[in-house]
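One structure below.
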Amino acid sequence: MANADNEQLPLFELPPITPKPGPATVTFLPSKKSISVEAGTLLLEAIREARLPVAQSCGGFGICSWCKVRVIEGSQNLSMPSRVEQRLMQRQSFKPEERASCQAEILGDVTVTTTYW
């Protein structure tokens, strides 16, 4: 379906998820290191705050996929993938449990890992 300007309209839009007020716990495996962050914090920021290494080459714009993590627990406590992240996930063949940490906002408790920790 297109409008008068030949612009493609989405079939549906999901409402934005509002972060729960207050802190969320992020646990990093295999170290079992946990930190508390405010809901709405990017997963990439939490990784840096935990002083864990995180690969990245695109400056957090969701282009390179180097910051990809695997969500072990709490995937429902991350923001829905944005269109930018959805394109990245498709282009880089992410598995269903993988997310780009530069794009995923923490909304509640979550446990993650990656191949280089």
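None of the figures in this text is laboratory data; all of them are computed from the coordinates on show. Predicted model only: the values in this text are computed from it and were never measured. A quick note on method: Cβ atoms are made from the backbone with ideal geometry, for glycine too, and the neighbour counts reach across all protein chains shown.
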What ranking of Leu42, Leu78, Leu29 emerges when the number of other C-beta atoms within 10 Å of each C-beta is taken as an exposure proxy, fewest first?
Leu29, Leu42, Leu78
At a 10 Å Cβ-Cβ cut-off, how would you order Cys64, Cys102, Cys58, fewest neighbours first?
Cys58, Cys64, Cys102
Projected label distance in nm at Asp109 and Arg51, using a 7 Å step from Cα toward the beta-carbon
2.5 nm
Starting from 0.36 nm per residue, how many nanometres of slack lie between Ala39 and Arg83 once their C-alpha separation is accounted for?
13.7 nm
Neighbouring Cβ atoms within 10 Å as the yardstick, rank Ser34, Ser57 fewest first.
Ser57, Ser34
Which percent of Cα-Cα pairs in segment 23-113 sits in each 5 Å bin, short to long?
3, 16, 29, 27, 18, 6, 1
Determine the gain in length on full extension of the stretch Glu97-Lys32; use 0.36 nm per residue of separation and subtract their C-alpha separation, reporting nm with one decimal.
21.5 nm
When the charge dipole of segment 23-113 is computed with +1 on Lys and Arg Cβ and -1 on Asp and Glu Cβ about the Cα centre, the Cα farthest towards its positive end, among Gly62, Pro23, Ser79, belongs to Gly62
